[in-house]
Amino acid sequence: MNLFDVYSLYDIEPVKGKGSHVFTADGTDYLDLYGGHAVISIGHAHPVYVKAISEQVSNLGFYSNSVQNALQERLAEKLGKLSGYEDYSLFLCNSGAEANENAFKLASFTTGRAKILAFGKAFHGRTSGAVSATDNPAIRAPFNETANVDFVPLNDSEAAVKALSTKEYAGVIIEGIQGVSGIHEPTPEFLMLLREECKKTGTLLILDEIQSGYGRSGKFFAHQYAGIRPDIITCAKGIANGFPCAAVLISPEIPAKKGMLGTTFGGNHLACAAAIAVLDVMENENLVENAREVGEYLISELRKIPEVKDVRGKGLMIGLEVEGFTGSDLRKKLLFDHHIFTGGAGQYTVRLLPALSLSKEEADRFLTEFKKAVKK
Ligand SMILES: *Cc1c(COP(=O)(O)O)cnc(C)c1O
């Protein structure tokens, strides 16, 4: 059997990881500033994580959502405490797209409305509803084209106010920081305006923090820079350091009804053990602060490099563009000549999404190699 050929692959195979490093079979050490696409939050093979999931799978790896599961309660308590959303409720599922599907469904159940408002260049995942709200026709099949989703440009206050004033929308979904589009931020004023207008028009504000959340921006959630409280927050990627897991955080004003949401795998014992270990490590090692400090350092050092045209982002969610390089050329050069993994976005942007535990020394190793790579 062949693999269905949908991914463009680099000709490289990491077989081992440790912290912010991955290794190929011949022992070559690569600095991982990509984190397997913002997934590796606490570093590869963290001993606390390895112990937690090994012990859990040897006791009980899985049982269904038809019985008590104290691990879900523990995860909810810990996540509430660290995120500042102690009064919210938690629904667990398996991927970012699925978290957004559940957010849309919940907004629709709650308001009785059918439509979702999304923003230009947004990415919300590849399942039906999520991809309908993703502003990229290339990844939407005819089946996903629906009159139930409208788009307005990011940070266009007038267009957003006008759309919401129709009171047609169950929810408006926005990324804390746009990732796939190449690191573009909603302004704090725009987020505050959306918060206001959603309240006025009975629309639920959904923050997609799948990539920008979980400490990556230097706060637990990127929208916390604007001081707003959304009605629904979705999380995935970094939540369990690579074990499939996703979360929907739901405001106390949204009522639950038995059976309205559900999943087979979501919130299983192994996923919860992984997610609890991630939060334990984030707390004990102050990883949110580390992401802020090392991120600020990286951003300010990158801005000093003459070949760098633009640096965007917050914390360890950084997009950069370099004179004379497409994103893909620069990524290849960094990977094969300098042994540094990075991510891409669009034609010109290189994305840095390293583990939140990236040290200043590792950031310096990157900066040294990066300067060599971009030198004219
Ligand atoms: C990755 C991503 C998703 C989709 O998550 P999957 O786990 O791939 O389904 C949704 N929204 C944002 C902002 C993302 O970065």
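Listed values, structure above:
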item: Matching option when the condition is in the same structural domain as Ala240 (by TED's automatic domain parsing), open to solvent by less than 10 Å² (accessible area, probe 1.4 Å) and not basic (Lys, Arg), among Gly202, Gly218; result: Gly218
item: Any helices (runs of 4 or more DSSP H) falling wholly within the range 76-186 and containing at least 1 residues that are within 13 Å of the ligand (Cβ to nearest atom); result: 96-111, 128-132
item: Any chance Thr203 is modelled with pLDDT of 95 or more, at negative phi and more than 15 Å from the ligand (Cβ to nearest atom); result: yes
item: Residue count for the range 238-265, restricted to those that are assigned to a loop (DSSP other than H, G, I, E, B) and touching a helix residue (DSSP H, G or I) at 6+ places or on another chain (Cβ under 8 Å); result: 12
item: The range 290-338: number of residues that are part of a loop (DSSP other than H, G, I, E, B), open to solvent by less than 60 Å² (accessible area, probe 1.4 Å) and in contact (Cβ under 8 Å) with a residue 24 or more places away in the chain; result: 5
item: Members of the range 140-159 found to be open to solvent by less than 70 Å² (accessible area, probe 1.4 Å) and of a type in the set (A, V, I, L, M), listed by number; result: Ala141, Val149, Val152, Leu154, Ala159
item: Number of the condition not met by Glu209 [criteria: (1) within 12 Å of the ligand (Cβ to nearest atom); (2) surrounded by fewer than 24 Cβ atoms within 10 Å (Cβ to Cβ)]; result: (2)
item: Every residue from the range 29-77 that is touching a strand residue (DSSP E or B) at 6+ places or on another chain (Cβ under 8 Å), closer than 20 Å to Cys93 by Cβ and outside the structural domain of Phe265 (by TED's automatic domain parsing); result: His37, Ala38
item: Selected residue [assigned by TED's automatic domain parsing to the domain that holds Thr187, at pLDDT 95 or above and surrounded by fewer than 22 Cβ atoms within 10 Å (Cβ to Cβ)] from Gly84, Gly129; result: Gly84
item: Residues of the range 339-351 that turn out to be free of Cβ contacts under 8 Å to residues at least 40 places away in the same chain and surrounded by 18 or more Cβ atoms within 10 Å (Cβ to Cβ), as a count; result: 2
item: Breaking point among (1) among the charged types (D, E, K, R); (2) in contact (Cβ under 8 Å) with a residue 24 or more places away in the chain; (3) not assigned by TED's automatic domain parsing to the domain that holds Leu353, for Asp5; result: (2)
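The values are calculated or read from the model by the stated rules, or taken from the named source; none is laboratory data. This one's a predicted model, so the numbers in the text were calculated from it and none came from an experiment. For neighbour counting, all protein chains shown are included, and Cβ atoms are generated from backbone atoms with ideal geometry for every residue, glycine included. Note: areas computed on protein heavy atoms with side chains; ligands, DNA, RNA excluded. Shrake-Rupley method; radii C 1.70, N 1.55, O 1.52, S 1.80 Å.
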